[in-house]
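Single-structure report; data block below.
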């Protein structure tokens with residue numbers, strides 16, 4: 001992946017006396033997450049594959065953001081939550097102003113709780129032949145994620161009555177599938193099938209979280225992450241600060257718009273911000289311009 | 001977990017005692033006090049504030065301890081977790097492939113339930129704290145004015161208990177709680193259904209046993225008749241070692257690299273849906289395959305690594321003369337909240353000082369790094 005230039009990057013050189021007014025306004029105020037991405041709840045994107053990546057930190061705040069963003073926008077969301085329980089997401093979503101239980105009841109949200117599904121598979125009674133568990137690959141010899149893909153496809157297929165906007169698939173997080181015994185190729189195949197089905201056929205969006213690190217020794221994980229980077233339209237890369245922990249700046253986020261994916265001659269656009277996570281929202285600001293410093 | 005003000009004080013040794021037996025006798029549990037905070041967390045919403053206050057293991061979560069080289073301190077923490085459970089009246093589930101759980105429970109330290117003794121500890125702590133901290137700042141004098149990462153011991157007298165390692169817990173106290181044991185070599189062979197799990201049979205049997213206890217005893221809320229809901233404390237010793245039938249500690253690549261991570265995932269599911277808290281010790285220093293340790297860390301809520309100085313060059317390094325080991329916090333829980341509980345520092349060391357066992361910022365570790373190589377050799 002070619003590294004992007006700083007064209008369009010929102011970095012203010014502290015030496016310059018006169019900064020553009022709009023830039024200064026945005027820097028001094030807190031920037032909303034969706035403003036950074038150029039999308040708004042009234043007008044969500046279509047057919048996009050967004051990769052959330054974190055290194056040396058926890059990027060799950062981005063998952064919470066996208067979940068509440070798409071639900072507020074009126075999209076139908078299929079959330080494959082592999083690592084945490086429903087109540088965890090529900091409590092955070094409430095702080096962000098979204099009621100997950102209500103969305104689930106209305107059919108706007110299809111929630112796959114991986115932990116619960118796994119327990120049902122291993123400890124439950126014999127399953128019905130027509131309804132294989134989405135995590136079928138855990139028991140049995142085949143490491144394929146076909147059952148998981150079928151679950152996603154069926155969840156997001158539009159039904160006659162409901163009139164939600166474009167479908168969205170959200171996965172938290174993909175690296176867990178490797179820990180559970182799925183082969184890297186199987187994971188990539190699953191994502192590929194989901195892209196064809198959700199992004200191309202249904203004009204929906206996919207958002208996937210993965211963990212990675214430069215000095216990681218998990219080669220399978222790095223393989224999956226690098227491959228996904230090549231095929232993503234947008235990459236949000238949350239990194240812990242290289243200098244260590246800081247109370248006012250929790251990390252740095254790199255926003256990479258992969259324009260080169262759609263148009264051959266275009267270069268990727270890279271923007272770098274720092275962020276601080278609070279109880280009910282996340283504030284973004286230009287590097288070195290945290291409120292604590294100004 | 002280990003942040004602002006993490007000190008509990010214990011009856012102490014004379015200074016410079018370095019024999020292992022002395023350490024064992026004198027070492028008391030700071031973490032037992034921490035572990036006990038979980039029962040005061042009534043709702044999940046409180047978790048973040050309890051953790052921020054330095055509280056221990058939240059209900060429904062897993063604390064993974066990476067064993068120190070000889071398993072000394074990790075074994076002690078394991079026993080304290082169980083001892084605290086007995087004193088609080090929680091049910092216990094003890095699993096091991098090494099020691100029989102009956103023997104583990106016989107070796108638990110005796111609690112100190114006398115209030116006056118606790119007050120004495122508090123006074124002693126304040127005295128030692130002020131005088132010793134002054135003269136120890138000769139090398140790292142720049143750090144002298146930084147806020148100390150210690151709290152007065154009185155803040156912890158409401159939560160947790162103190163223990164005396166030289167005495168064993170009285171058998172009648174042990175028998176006052178309901179406890180379940182799982183000793184791998186005495187368990188019957190697993191059921192055919194587990195064959196399809198694709199998991200190491202020892203782990204599969206343990207999960208089966210755990211699930212059975214949780215549902216039979218009603219820890220998952222399945223029995224609406226039970227009004228008095230208790231907490232189940234689960235302790236699993238040396239998971240991943242060869243005794244469990246897993247070769248992850250002796251081969252790279254292991255025969256089945258996914259057994260351990262699958263086990264942790266299923267365990268996580270069981271913990272999340274029940275009123276239980278779990279501590280696991282893992283001999284991670286034996287695991288060659290670092291990819292597996294990365295995955296294990298991601299699948300645990302809280303991961304703490306212990307590094308003791310016994311037998312290492314740091315034991316004789318004058319900069320570390322007051323410390324007995326380091327505490328590495330690799331992972332902290334992120335539950336029910338956007339923010340995670342980040343502490344000001346993650347470089348912590350534990351030490352024994354007269355009658356005190358403390359965990360503090362290892363300022364000396366940082367100072368050591370600032371010195372030139374010659375200075376380090378000379379111990380200046």
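Looking only at the stretch A:233-258, which residues are touching a strand residue (DSSP E or B) at 6+ places or on another chain (Cβ under 6 Å), within 30 Å of residue A:192 (Cβ to Cβ) and not in a strand (DSSP E or B)?
The one that is touching a strand residue (DSSP E or B) at 6+ places or on another chain (Cβ under 6 Å), within 30 Å of residue A:192 (Cβ to Cβ) and not in a strand (DSSP E or B): A:233.
Where residues in the stretch B:241-252 are in contact with a helix residue (DSSP H, G or I) (Cβ under 7 Å, 6 or more places away or on another chain) and farther than 10 Å from residue B:97 by Cβ, which of them is surrounded by the most Cβ atoms within 10 Å (Cβ to Cβ)?
So, considering only residues that are in contact with a helix residue (DSSP H, G or I) (Cβ under 7 Å, 6 or more places away or on another chain) and farther than 10 Å from residue B:97 by Cβ, the one surrounded by the most Cβ atoms within 10 Å (Cβ to Cβ) is B:248.
Can you work out which of the residues in the stretch A:211-267 that are more than 24 Å from residue B:293 (Cβ to Cβ) and within 14 Å of chain B (Cβ to nearest Cβ) is surrounded by the most Cβ atoms within 10 Å (Cβ to Cβ)?
In this case the residue turns out to be A:250.
For the stretch B:169-202, which positions are over 29 Å from residue A:136 (Cβ atoms) and exposed (fewer than 15 other Cβ atoms within 10 Å of the Cβ)?
Hits for the stretch B:169-202 are B:170, B:171, B:172, B:175, B:176, B:178, B:185, B:186.
Might you check whether a residue that is out of contact with any helix residue (DSSP H, G or I) (no Cβ under 8 Å at 6 or more places or on another chain), outside any loop (DSSP other than H, G, I, E, B) and crowded, with 21+ Cβ neighbours inside 10 Å occurs anywhere in the stretch A:141-151?
yes
Would you please name the residue that is nearest to residue B:247 (Cα to Cα), looking only at residues in the stretch B:172-220 that are part of a loop (DSSP other than H, G, I, E, B) and within 13 Å of chain A (Cβ to nearest Cβ)?
Top of the filtered list is B:200.
Could you look through the stretch B:265-283, keep only residues that are surrounded by fewer than 22 Cβ atoms within 10 Å (Cβ to Cβ) and more than 8 Å from chain A (Cβ to nearest Cβ), and pick out the one that is nearest to residue A:181 (Cα to Cα)?
Here the answer is B:283.
How about the stretch B:221-246: which of its residues are outside any loop (DSSP other than H, G, I, E, B), touching a strand residue (DSSP E or B) at 6+ places or on another chain (Cβ under 7 Å) and within 17 Å of residue B:66 (Cα to Cα)?
B:234, B:235, B:236
Output the residues belonging to the stretch A:91-112 that are within 9 Å of chain B (Cβ to nearest Cβ) and touching a helix residue (DSSP H, G or I) at 6+ places or on another chain (Cβ under 7 Å).
A:92, A:96
I'd like to know if the stretch A:57-76 contains one or more residues that are part of a strand (DSSP E or B) and more than 9 Å from chain B (Cβ to nearest Cβ).
yes
For the stretch A:268-294, give me the residue count where each residue is in a strand (DSSP E or B) and either closer than 19 Å to residue A:64 by Cα or within 14 Å of another protein chain (Cβ to nearest Cβ) (or both).
Adding up the residues that qualify gives 8.
Read the figures in this text as sums done on the coordinates, not as results from a lab. Everything numeric here is computed off the predicted structure, so don't read it as measured data. Ideal geometry is used to build each Cβ from the backbone, glycine not excepted, and the neighbour counts take in all protein chains shown.
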